[in-house]
Amino acid sequence: MVENALGDANSVFSSKRAALRVLVNHGEKDGLTAARMILTGIPLDETYLQNRLSIPMNDEKKSLKGGRIHIPDSYYLMGTADPTGILKSDEVCIILSFWYMHQ
């Protein structure tokens with residue numbers, strides 16, 4: 001997984017598929033603009049597009065250095081103590097916000 005992510009980050013300027021994967025992983029507004037540019041046929045060597053691609057590429061490399069790997073169909077969970085006292089010591093309650101999943 002690390003090799004694939006690093007390969008995508010390193011080939012973002014030469015492979016449309018890798019560029020789109022990196023943009024989707026970061027999902028920011030600027031990423032949507034860059035993805036639209038790629039999908040409409042603007043070449044990857046266009047100056048503005050390269051500038052837009054360099055941001056998520058650098059973020060991807062920083063994340064990999066920090067040990068964070070994008071795993072599709074996964075969630076980040078945040079834990080807290082049970083303020084109600086209903087859960088037993090070996091139980092957890094996971095609440096997925098429907099709004100968040102469909103942003």
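Nearest 20 debye, what's the magnitude of the dipole of the stretch 2-65 about its Cα centre given +1 on Lys and Arg Cβ and -1 on Asp and Glu Cβ?
For the stretch 2-65, the charge dipole is close to 80 debye.
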Gain in span if fully extended, Asn10 to Ala81, counting 0.36 nm per residue against the direct Cα distance: 21.4 nm
How large is ³J(HN,Hα) for each residue in the stretch 41-57, as worked out from phi by the Karplus curve 6.51 cos²θ - 1.76 cosθ + 1.60 (θ = phi - 60°), to whole Hz, x for Gly and Pro? x, 5, x, 5, 8, 5, 4, 5, 5, 4, 5, 5, 6, 5, 5, x, 5
Extension gain, Ile69 back to Met1 (0.36 nm per residue minus Cα-Cα distance, nm): 23.7 nm
Shape call for the stretch 2-65 from the C-alpha gyration tensor, a ≥ b ≥ c root eigenvalues: rounded (a/c under 1.5), prolate (a/b greater than b/c) or oblate? prolate
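Computed from the coordinates by the stated procedures, all read-outs in this text should not be read as laboratory data. Owing to the predicted nature of the structure, the values given are computational and were not obtained by experimental measurement. Positions of Cβ are backbone-derived with ideal geometry, glycine not excepted, and every protein chain shown enters the neighbour counts.
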